[in-house]
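A short write-up of the structure that comes next.
The values are calculated or read from the model by the stated rules, or taken from the named source; none is laboratory data. The structure displayed is predicted, hence computed values, not measured ones. Ideal geometry is used to build each Cβ from the backbone, glycine not excepted, and the neighbour counts take in all protein chains shown.
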Amino acid sequence: MSGKPLNVGVIGGGALGLSAAYRLAQAGARVTVLEREDVVGGLAASFPVGGAYFEKFYHHLFRSDRVIASLIKELGLGDKLVWKKARTANLVGGRICQMDPVRLLTFSALPVADRLRFFLGMAYLKLQSDYRRFEGVTAVDWVERWMGKETYEVVWRPLLEAKFGEHYRKIAMPWLWSRVYCRSLSLGYLRGGFHQLYVALYQRVKSLGGEVLTGQTVDRIEAADGGRVRVVVGDRWTEFDRVVCTLPTRLFMKVTAGLPEDYRSQYDWGDFHGAHCVVLSLDHRFGDFYWLSVNDPGFPFLVVVDHGNFMPTEDYGGQRLMYLGNYLPMSDRRFTMSDDELLDWYLPYLTKINPAFDRSWVKDSWVFKAPFAQPIVTVEFHRHIPPHETPIPGLFLANMFQVYPQDRGQNYSIEMAYRVADLALKAPLAPGVQVGR
Ligand SMILES: Cc1cc2nc3c(=O)[nH]c(=O)nc-3n(C[C@H](O)[C@H](O)[C@H](O)COP(=O)(O)OP(=O)(O)OC[C@H]3O[C@@H](n4cnc5c(N)ncnc54)[C@H](O)[C@@H]3O)c2cc1C
């Protein structure tokens, strides 16, 4: 064949952008990834600690995350993917209650009749494979009706409120269904960190002739002559035959010129929370759980994730790493407080969980923040998810705000990456352009 290879720009070097770039490059396209940060991985990126890399925000997999598991194998990392039953618990009324299916029936924070309704409700959701039957119903209404008001107040309301703040009453039941249906007791982790997955994708894209450029903030996307798409970074611009944009929808709308008003009013929609995580390096074991959802009001964080009870501490030079995590509106003062102020506020609450905890256990700490980390999945959300094809020919949108009804996750970003790469490859070509080299 003669002619120029398909020239594709991918905006964003997270799970979605890198996986799309990999599939496009495998199909013979010439790919350029433009990533704003200095490292790839996006929300799943890591930082160096104890001679290893550790995710800035807690990450694990569920058994249903088959697409990422198969990509991990494809990239030669399969022997590092480990599965474990990690201990998960809830803090209720100052007590740590374990929450596996059997223990639901002995969950003393609820009266016996409510425990039974809770158990049956969970069993029903686990067996119900079609989320569409919950469409249009809020999680609050469904849970109150079928699991009871007490279960809602003790178990679900704290979770919904912690994750979605003032929007909690409007959250769609399909989202809550997915939290039960798609999740497994056994959790997966890429021993040594998910960093290895993103490094491997980066290397594959490069070895297939692609480029991954970091420190590149895309300021503008617009249609160019000949059906091409122009991408502007600072005072330089590049034209591509196709562009796959993986920025959150709100950000995409902000940087893209020439989108019709009716498209904007339909899809430039919805709210999100940012992620905020304090990571502590401890020289003592804090508790015996991996995951502790904090259901007690007044705590300044919603979850404690003790990675030292999941993966061996030797992987991190002997350090016990523990997250104190939150989803918050970007206007929350935690996003602007100094690290010392945060620690002064947070650490006394650890004593309420483990009275033996002492500040001297903390040997190091880091604070990570990210906007656009959690879409607010209200009942109307699904009507405002844009299609991957945009009104600008050759420009495709794929991001975690288009994941529905599942809670966003690396698996769904990778699955979407393959879909959008296929669409970009199949779209009509300009004369003289061919997909393969
Ligand atoms: C606290 C937290 C916990 C999580 N836990 C899990 C978990 O346990 N398991 C799991 O699988 N998933 C988890 N996730 C979700 C997972 O991290 C995301 O679903 C996934 O990483 C999203 O990848 P993405 O590529 O779609 O988006 P992103 O990672 O957001 O990638 C978008 C990329 O675009 C870049 N970018 C933004 N603006 C520009 C610009 N103007 N120009 C160029 N580049 C730009 C960003 O820097 C980023 O790298 C968690 C997320 C958070 C925040």
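Here are the numbers for the structure shown:
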| read-out | value |
| --- | --- |
| Filter result for Lys369 (touching a residue at least 60 places away in the same chain (Cβ under 8 Å), basic (Lys, Arg) and within 14 Å of the ligand (Cβ to nearest atom)) | yes |
| Conditions (1) under 17 Å from Thr249 (Cβ atoms); (2) buried (at least 19 other Cβ atoms within 10 Å of the Cβ): number failed by Gly409 | (1) |
| Close pairs from the range 406-419: first assigned to a loop (DSSP other than H, G, I, E, B), partner of a type in the set (Gly, Ala, Ser) and more than 8 Å from the ligand (Cβ to nearest atom), Cβ under 9 Å, at least 6 apart | Gln406/Ser64; Gln406/Ser178; Asp407/Ser178 |
| Arg169 vs. criteria farther than 22 Å from Leu292 by Cβ and assigned by TED's automatic domain parsing to the domain that holds Ala417 | no |
| Count - residues of the range 255-313 that are among the aliphatic types (A, V, I, L, M), part of a loop (DSSP other than H, G, I, E, B) and touching a residue at least 40 places away in the same chain (Cβ under 8 Å) | 3 |
| The range 218-245, residues that are in a loop (DSSP other than H, G, I, E, B), within 14 Å of the ligand (Cβ to nearest atom) and either farther than 26 Å from Arg419 by Cβ or among the acidic types (Asp, Glu) (or both) | Asp219, Gly234 |
| Qualifying positions in the range 183-217 - farther than 15 Å from Asn411 by Cα, in a loop (DSSP other than H, G, I, E, B) and among the polar types (S, T, N, Q) | Thr214, Gln216, Thr217 |
| Search result, residues across the range 1-39 that are of a type in the set (Val, Ile, Thr), crowded, with 24+ Cβ neighbours inside 10 Å and in a loop (DSSP other than H, G, I, E, B) | none |
| Top-ranked residue of the range 130-167 - restricted to ones that are modelled with pLDDT under 95 and among the hydroxyl-bearing types (Ser, Thr, Tyr), ranked as nearest to Asp271 (Cα to Cα) | Tyr152 |
| Hey, Val40 more than 10 Å from the ligand (Cβ to nearest atom) and farther than 18 Å from Gly394 by Cα or not | no |
